[in-house]
1. Can you give the calculated 222 nm mean residue ellipticity of the chain, where each DSSP H run of n ≥ 4 adds -39,500 (n - 2.57) and the sum is split over every residue, rounded to the nearest 500 deg cm²/dmol?
2. Between His67, His82, His154, which gets the highest mean-square fluctuation from a Gaussian network model of the chain, Cα cutoff 10 Å?
3. Express the relative contact order of region 4-122 as a whole percentage, based on alpha carbon pairs under 8 Å and six or more residues apart in sequence.
4. Taking H placed 1.01 Å from N in the peptide plane, check which residues at least 5 places from Asp57 or on another chain put their amide H under 5 Å from its amide H.
5. Pull up all non-local amide H partners of Gln27: gap of 5 or more, or a different chain, and H-to-H distance under 5 Å with H placed in the peptide plane.
6. Among (1) 27.8, 109; (2) 20.8, 68; (3) 18.0, 58, which is the computed Rg and Dmax of the Cα atoms in Å?
7. Round to the nearest 10 and give me the degree value, 0 to 90, for the angle of helix 4-14's Cα axis relative to the longest principal axis of the chain.
8. Considering the chain as a Gaussian network with a 10 Å cut-off on Cα pairs, which listed residue, Asp188, Asp47, Asp57, attains the greatest mean-square fluctuation?
Amino acid sequence: MADLDRVREALRASMTGWATLEVRGDQARVTPAPDLDALSAHLDRADPTWALTWACDSVQPPVVRAHLQLGGLTREGLATAHTLADAKLAALADAARLYGVAPASEGHWVEYDPDDGANTTDLDAEAPLPTAPSAPPRVTEPPRDPQMEKARRHIEDLLEQLKVAGRGGEAARILMRGYGETLEESRDIYKRLQTLLKG
């Protein structure tokens, strides 16, 4: 098991990116998030057995889950954001919070250009939270599809069986892109994992 202090330090060191959570006209709310290249380099040193998988709960609005296995623990982050790529980063930041690594604030309001994106050049991850241009809307989590939730639970149960059978690494390769974005994709992944367990 990796030293959790080293794990937390690696996560803190990788928090050099930004995820755009919402856009309101020419303003965007951004939050600190791990830079994926930096994350990989730092985590390789802290825990060579770390693993990261993603699952898309919703394409519109973008809702993503990040499963981060690190230091002998697995944590799941969930986030909604402006785009799927931003939701992935925000979900990863949410998972980092569960390891005890949280940004100093909930977000920053910055200028936004549709072509260039959010202007984060003047931001420091520890800067105080600027005042929003007007009261931001309350962010609520979109309703979850009960069938997708059930499919995920079945996949997770099967994944546990595969780990016990010593085939967790092979299963992880099947789950590299998550649990599926649609019910059909989730069913296909479940069938592939079943075949792996039987084989």
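1. It comes out at -12500 deg cm²/dmol, rounded to the nearest 500.
2. In this elastic network of the chain, the residue with the biggest mean-square fluctuation among His67, His82, His154 is His154.
3. In percent, rounded to a whole number, it is 28.
4. Excluding prolines and chain starts, which carry no amide H, the hits are Val63, Val64, Arg65.
5. Tyr112
6. Here Rg and Dmax of the Cα atoms in Å agrees with entry (3).
7. 50 degrees
8. Of Asp188, Asp47, Asp57, the Gaussian network model singles out Asp188 as fluctuating most.
The values are calculated or read from the model by the stated rules, or taken from the named source; none is laboratory data. Bear in mind the structure is a predicted one, so any value in this text is a computation, not a measurement. Here Cβ is always computed from backbone atoms with ideal geometry, including for glycine, and neighbour counts include all displayed protein chains. Only protein heavy atoms, including side chains, enter the accessible area calculation; ligands, DNA and RNA are left aside. Shrake-Rupley method; radii C 1.70, N 1.55, O 1.52, S 1.80 Å.
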